[in-house]
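Shown next, in structure tokens, is the structure this report addresses.
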Amino acid sequence: MTEFREKAVLMDDDGIRRALMRIAHEIVEKNKGTENLVLVGIRTRGVPIAARIGAEIARIEQRELPCGVLDITLYRDDLNELSYQPIVHPTEMPHDITSKTIVLVDDVLYTGRTIRAAMNALLDIGRPRMIQLAVLIDRGHRELPIRADYVGKNVPTAALEDVSVLLQDTDGVEKVVIRERV
Ligand SMILES: O=P(O)(O)OC[C@H]1O[C@H](OP(=O)(O)OP(=O)(O)O)[C@H](O)[C@@H]1O
Ligand SMILES: O=c1cc[nH]c(=O)[nH]1
């Protein structure tokens, strides 16, 4: 198994909170409000991040946004190559997404393959009017023509490094770290 050592802290809890607040404001501004907006978090850490952005938008606009949860496991392009049996968690899309503007939310954007899978999963569920993408970290190294509409922080990285977003909800600690191979 590859071992990593923490190299630097890229964001602390305040940095994460401010970045998500800014993204919430940008989503409202770009969409001229919240009409027909649906937030969709990608498992795992996209889900609590989407919930936090949703809470901030509710605070700004005095209106709750519908929020879905997407599991992209069955849409991975390396499904046949996995050496383990993947666990598929439920996708929860309580609202008809047809004609909606979907804001997909994830923690890290890297090759873009997770987002490709997420878009395919969404398009199997309905026909949104538009799909936008919000990520906390864009670390570059794209392998597909995908870009984010809302980015918490752009982080130049080496291919062998790893960026980990750690959240209270999933990890019991709140920070973004860059790690290098040992
Ligand atoms: O742009 P990509 O190259 O697809 O990489 C980004 C994805 O990788 C991580 O997910 P991971 O597969 O580690 O699953 P997890 O979120 O459940 O930890 C991260 O949360 C993004 O979803
Ligand atoms: O560095 C990376 C690459 C993919 N996914 C992550 O969460 N971090």
With a Förster radius of 35 Å, plug the Cβ-Cβ distance of LEU123 and VAL182 into 1/(1 + (r/R0)^6) and report the FRET value to the nearest 0.05. 0.30
Tell me what the chain gives for mean residue ellipticity at 222 nm when only DSSP H runs of n ≥ 4 count, each as -39,500 (n - 2.57), the sum divided by the residue total, rounded to 500 deg cm²/dmol. -9000 deg cm²/dmol
Rough spin-label spacing in nm, given labels placed 7 Å along Cα→Cβ, for LYS32 and ARG147: 2.3
Stretch gain in nm, segment PHE4-GLN168, where the contour uses 0.36 nm per residue and the Cα spacing is subtracted: 56.9 nm
So which lysines can LYS100 reach, going by Cα to Cα under 30 Å and dropping same-chain residues fewer than 8 places off? LYS30, LYS32, LYS153
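Since every read-out is calculated from the coordinates, none of them should be taken as a lab result. What you are looking at is a predicted structure, and each value in this text was computed from that prediction instead of being measured. Neighbour counts run over all protein chains shown; Cβ positions are idealised from the backbone, glycine included.
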